[in-house]
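Worksheet: one structure, shown below.
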Amino acid sequence: MRIYSIFKAIEGEGSEIGIPKTFIRTVGCPVGCKNCDTPEALNRNAGKEMSEQEIIETVENFGLKYITITGGEPLIQPGLYSLVTSIVNRGYHTSLETSGQLFDENIFNIVDFISIDAKTPSTGVKCDLKIHKDVLEKYCNKLQIKCVVNDLTDFAFVVNYYNYFKEFLKLNQMVITPCWEVKKDLDKNFVKVLIEKILESKLPIRVIIQQHKIIYGPKATNV
């Protein structure tokens with residue numbers, strides 16, 4: 001399996017924020033978001049080839065009980081199901097971060113937590129609502145929907161998404177991540193506007209800023 005990096009850090013975003021974890025970052029992604037914040041992992045030739053056993057040994061040496069598999073897009077990796085099975089069978093709480101543009105029932109069935117993106121207009125990618133419906137119907141009890149919001153057009157998409165799927169969504173299951181691009185400062189004024197809009201909407205949507213970028217800066221990796 002092609003791995004960009006394996007590192008330990010405190011989860012910096014989403015509903016699992018603050019949890020000490022081991023992160024396994026795979027390489028390659030077919031989605032092509034304009035505002036991807038991990039472009040270094042997009043090249044399928046980046047990183048290095050690692051056997052399942054090498055990955056497991058690295059994870060065990062870190063000794064943390066929570067693991068997140070991220071990318072890139074992990075679901076394109078051959079051997080992912082076998083790796084996830086091995087990790088889960090060893091008793092690790094296993095989370096998967098995926099683009100929301102691919103569906104893999106075998107892997108979704110065995111992980112403990114799924115974070116899928118609802119691709120907003122600023123990403124340049126059309127959100128696959130059919131896949132999202134399938135995921136929400138089958139995995140609502142272990143799911144978060146993450147929306148990277150860059151402007152009010154993105155926020156309007158989030159509101160429409162919530163209203164479209166509200167029969168499936170649980171309280172605070174949707175998370176807005178204010179867009180914070182690599183090598184740029186966070187637009188705090190926009191975040192304030194975003195918070196006001198959410199309060200006005202009265203919708204149960206969380207706003208969570210990427211805390212690792214606050215602590216280490218937007219250029220830092222593996223943190």
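The values are calculated or read from the model by the stated rules, or taken from the named source; none is laboratory data. Given the structure is predicted, the values throughout are model-derived calculations rather than measurements. Glycine also receives a Cβ, built like all others from the backbone with ideal geometry; neighbour counts cover every protein chain displayed.
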Hey, Glu167 hits all of (1) within 18 Å of the chain's Cα centre (by Cα); (2) within 18 Å of His132 (Cα to Cα); (3) without any contact (Cβ under 8 Å) to a residue 24 or more places away in the chain but one; which does it fall short on?
(1)
Checked the stretch 188-223 for anything in contact with a Phe, Trp or Tyr (Cβ under 8 Å, 6 or more places away or on another chain) and surrounded by fewer than 16 Cβ atoms within 10 Å (Cβ to Cβ); matches are Asn222, Val223
Only one of these conditions is not met by Ile209: (1) touching a Pro at 6+ places or on another chain (Cβ under 7 Å); (2) at pLDDT 95 or above; (3) under 20 Å from Ser115 (Cβ atoms). Which number is it?
(2)
Could we say that Leu83 is out of contact with any Gly (no Cβ under 9 Å at 6 or more places or on another chain), in contact (Cβ under 8 Å) with a residue 24 or more places away in the chain and surrounded by fewer than 20 Cβ atoms within 10 Å (Cβ to Cβ) here?
no
For the stretch 112-160, which residues satisfy the criterion of being farther than 20 Å from Glu13 by Cα and in contact with a Gly (Cβ under 8 Å, 6 or more places away or on another chain)?
Gly124, Val125, Cys127, Asp128, Ile131, His132, Val135
What residue, among those in the stretch 10-22 that are surrounded by fewer than 17 Cβ atoms within 10 Å (Cβ to Cβ) and more than 16 Å from Gln144 (Cα to Cα), is modelled with the highest pLDDT?
Pro20
